[in-house]
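The values are calculated or read from the model by the stated rules, or taken from the named source; none is laboratory data. Predicted model only: the values in this text are computed from it and were never measured. Glycine also receives a Cβ, built like all others from the backbone with ideal geometry; neighbour counts cover every protein chain displayed. Ligands, DNA and RNA are stripped out before the accessible areas are found, and what is left, the full protein with its side chains, is counted by its heavy atoms. Shrake-Rupley method; radii C 1.70, N 1.55, O 1.52, S 1.80 Å.
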Amino acid sequence: MAEKDDYLIDILVDLSFVTPDQVETTRQEAQAAGVGVVDLMVANKLIRPEDVTQAKAAHFGAEVVNLGEIKIEDDVIASIPRHIARKYRVVPVFKHDGSITVAIADPSDLDTIDSLTHLLNAEVNLQVASDPDIESALGKYYGGDRGGSRAREADPLLNETIKELTEEHVELGGGGLEDGATVEADAPLIKLVNSIISDAFKMRASDIHLEPLSRNFRLRYRIDGVLHEIKSPPKRLQAAIISRLKIQSNMSISEHRIPQDGRIQTSVGGKLIDLRVSCLPTNHGESIVMRILDKEGLRLGLAELGFFTDDQQTFERLIGLPDGILLVTGPTGSGKTTTLYSCLHFINRPDRKIITVEDPVEYILGGINQVQVNEAVGMTFAMALRSILRQAPNIIMIGEIRDLETATIAINASLTGHLVFSTLHTNDAPSAVTRLIDIGVKPFLVASSTRALMAQRLVRKVCKQCGAPYVPTEAEMRQLGLDAANTQGANFLHGKGCSSCNNTGYRGRFGIFEIFTIDDDARKLIYEKVPASVLRARAREMGMRTLREDGIRKVLAGLTTPDEVIKATVGDID
């Protein structure tokens, strides 16, 4: 960015748009604020955005084009597909004899120019247009989709609000907001923060990441498990945005040295949503991550979680047992909590008392008693469990088994007539037994209390709008252990990318599962403390499908792609 600023500054001076003295003064301010010199000159209205566009064009000998003043023919627009135009932020202006003239905001971006030449298989000529001009033309000619590469762009309201903040010279990083001063309800800052949240919700994001870096304030949304970078707010607004979010989530805005947690409840499009907010001090400021809690996901049926009919029948039988422990395993972000909540929703009836112990309580469930762990006052998982057993529950859900004390109380509860659900962090289902024994639980207790173990992962679902027949590569077939003989009648699908799925080819996620039902032979092996590999072999003999095998079934059914299953699972070792 510094080099780009330097060449632009020299041209701006040569064209008499700015004086050397103004440049030097602005450079000192920019270094202190950690922003670009040219950006600051535009913000201070020393130069206009049009001047910057003209300077870029002059340096590369290109023509400046005003896209709003010309009409581009449909066949010219069709020469560059929408996903390419949006990804590289270019607009075709005209084409002639195998060459295409495109409008671009930054003619120094050689990577983009090389990529376009290769993708379009044509000679690419350049004209230069301003960023707002390009953005407006993309919306006019290609529509307002929010594509996978489009996910790098912010909602128009976000851009508009940032522009408004810049034009009004609102000093948002100063002492006022840091000291807790209030602002008007329609202030640009509040509109900006609200648009960040509402845009994330509309794009089906699960997380919002605001990360302070050395030169910029990065904004990213996690959509279907994948992070997408959005056009970020200016670095100088960093302190103000963080302060606003801390105020909304009831954190101390005067504390910058320790992590803090909070919650925000807000309305988007008439729908009430909750956000769990985490604030973490880093080298360049406080990093904010907001988890969007979607209550609709809790009403998912087992089929919507990704169960095929046979696994669903097995799982429904297991969660209908009167006692014992059912453990769901997998890494962070594999959907364990959603699965457990869906189980509770499935079995929640007036004749059953259900109590949960969670850290934190993410969703409020009607008809269920939920207990929040608070270690600061001594309210640990173990203490909560001891107390809730006196409440005579039928079913207990423990957010996570983390230590021997929690595991022991949970197992004792299952042996005294309670059905217990919980989670563990292990890679597969049989390894949960080894994990319990490693933290100190006696093997005979594990053997007698455990009813079933289930591992799960999340994979992205092929978009229903743009899914099309697909022929897997030889490498994908080999990694999945498939050949022509065992793929007769298979329905391989792959999303082409459309506005519905943000041009990713995927929309939504579902689970792939590995269910290990404990029988008498397995209990004997657990009691004998056999290695996980032996227990896994016994589970396979009983008919347990591995995560990859369940994923393959769903690939053959056209629900997901080979690449998703390969990334989410490891090859099975017999």
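Residue count for segment 34-85 satisfying the condition of being open to solvent by less than 30 Å² (accessible area, probe 1.4 Å), of a type in the set (Gly, Ala, Ser) and over 37 Å from the mean Cα position of the chain (by Cα): 3. Within segment 368-381, residues that are farther than 17 Å from Leu344 by Cβ and part of a loop (DSSP other than H, G, I, E, B) reach partners that are open to solvent by less than 30 Å² (accessible area, probe 1.4 Å) and charged (D, E, K, R) with beta carbons closer than 9 Å, at six or more positions or on different chains, in the pairs Val373/Glu358.
Residue under question is Ala392, and the condition is that it be open to solvent by 50 Å² or more (accessible area, probe 1.4 Å), at pLDDT 85 or above and among the small types (Gly, Ala, Ser); does it hold?
When the stated conditions are applied, Ala392 passes them.
So which of Pro360, Pro350 is surrounded by fewer than 17 Cβ atoms within 10 Å (Cβ to Cβ) and under 30 Å from the mean Cα position of the chain (by Cα)? So that I can check it myself, show each step before the final result.
Numbers: Pro350 fails: under 30 Å from the mean Cα position of the chain (by Cα).
None of the others qualify; the one that does is Pro360.
Taking residues in segment 396-414 that are within 18 Å of Lys353 (Cα to Cα) and open to solvent by less than 10 Å² (accessible area, probe 1.4 Å), and partners anywhere that are of a type in the set (Val, Ile, Thr) and in a helix (DSSP H, G or I), the pairs with Cβ atoms closer than 8 Å and at least 6 places apart or on different chains are Ile396/Ile388; Ile398/Thr406. For first residues located in segment 8-36 and among the polar types (S, T, N, Q) and at pLDDT 80 or above, partners that are open to solvent by less than 50 Å² (accessible area, probe 1.4 Å) and in a helix (DSSP H, G or I) and lie 6+ apart or on another chain with Cβ distances below 6 Å form the pairs Thr26/Val37; Thr26/Leu40; Thr26/Met41.
Here the condition is being open to solvent by less than 10 Å² (accessible area, probe 1.4 Å) and touching a residue at least 24 places away in the same chain (Cβ under 8 Å); of Pro531, Pro562, it holds for Pro562 alone. Taking segment 472-488 as the range and being modelled with pLDDT of 85 or more, over 15 Å from Thr569 (Cα atoms) and among the acidic types (Asp, Glu) as the test, only Glu474 passes.
When segment 213-264 is filtered for residues that are in contact with a helix residue (DSSP H, G or I) (Cβ under 9 Å, 6 or more places away or on another chain), within 19 Å of Pro360 (Cβ to Cβ) and exposed (fewer than 15 other Cβ atoms within 10 Å of the Cβ), only Ser252 remains. Report yes if Glu541 is surrounded by fewer than 20 Cβ atoms within 10 Å (Cβ to Cβ) and farther than 17 Å from Gln456 by Cα, otherwise no. Spelling it out, Glu541 is indeed surrounded by fewer than 20 Cβ atoms within 10 Å (Cβ to Cβ) and farther than 17 Å from Gln456 by Cα. Leu525 meets each of the listed conditions (1) more than 22 Å from Lys461 (Cα to Cα); (2) open to solvent by 20 Å² or more (accessible area, probe 1.4 Å); (3) assigned to a loop (DSSP other than H, G, I, E, B) apart from (3).
Here Val459 passes the criteria (1) over 30 Å from Val565 (Cβ atoms); (2) of a type in the set (A, V, I, L, M); (3) in contact (Cβ under 8 Å) with a residue 40 or more places away in the chain; (4) open to solvent by less than 40 Å² (accessible area, probe 1.4 Å) except the one numbered (1).
Is it the case that segment 453-475 has a residue that's of a type outside the set (S, T, N, Q), farther than 18 Å from Ile401 by Cα and assigned to a helix (DSSP H, G or I)? Steps first, answer last, please.
The initial filter retains those residues of segment 453-475 that are of a type outside the set (S, T, N, Q), namely 453-455, 457-464, 466-472, 474-475.
Add one more test, that the residue is farther than 18 Å from Ile401 by Cα, and what stays is 457-464, 466-472, 474-475.
Cutting the leftovers down to assigned to a helix (DSSP H, G or I) gives us 474-475.
Yes: segment 453-475 contains one or more residues that are of a type outside the set (S, T, N, Q), farther than 18 Å from Ile401 by Cα and assigned to a helix (DSSP H, G or I).
To keep it simple, each residue is scored yes or no on (1) over 28 Å from Leu458 (Cα atoms); (2) at pLDDT below 90; (3) more than 19 Å from the chain's Cα centre (by Cα); (4) not small (Gly, Ala, Ser).
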residue	(1), (2), (3), (4)
Ile196	no, no, no, yes
Ala205	no, no, no, no
Leu213	yes, no, yes, yes
Ala239	yes, yes, yes, no
Glu255	yes, yes, yes, yes
Pro259	yes, no, yes, yes
Arg263	no, yes, no, yes
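Counting the residues of segment 94-116 that are open to solvent by 20 Å² or more (accessible area, probe 1.4 Å) and in contact with a helix residue (DSSP H, G or I) (Cβ under 8 Å, 6 or more places away or on another chain) gives 5.
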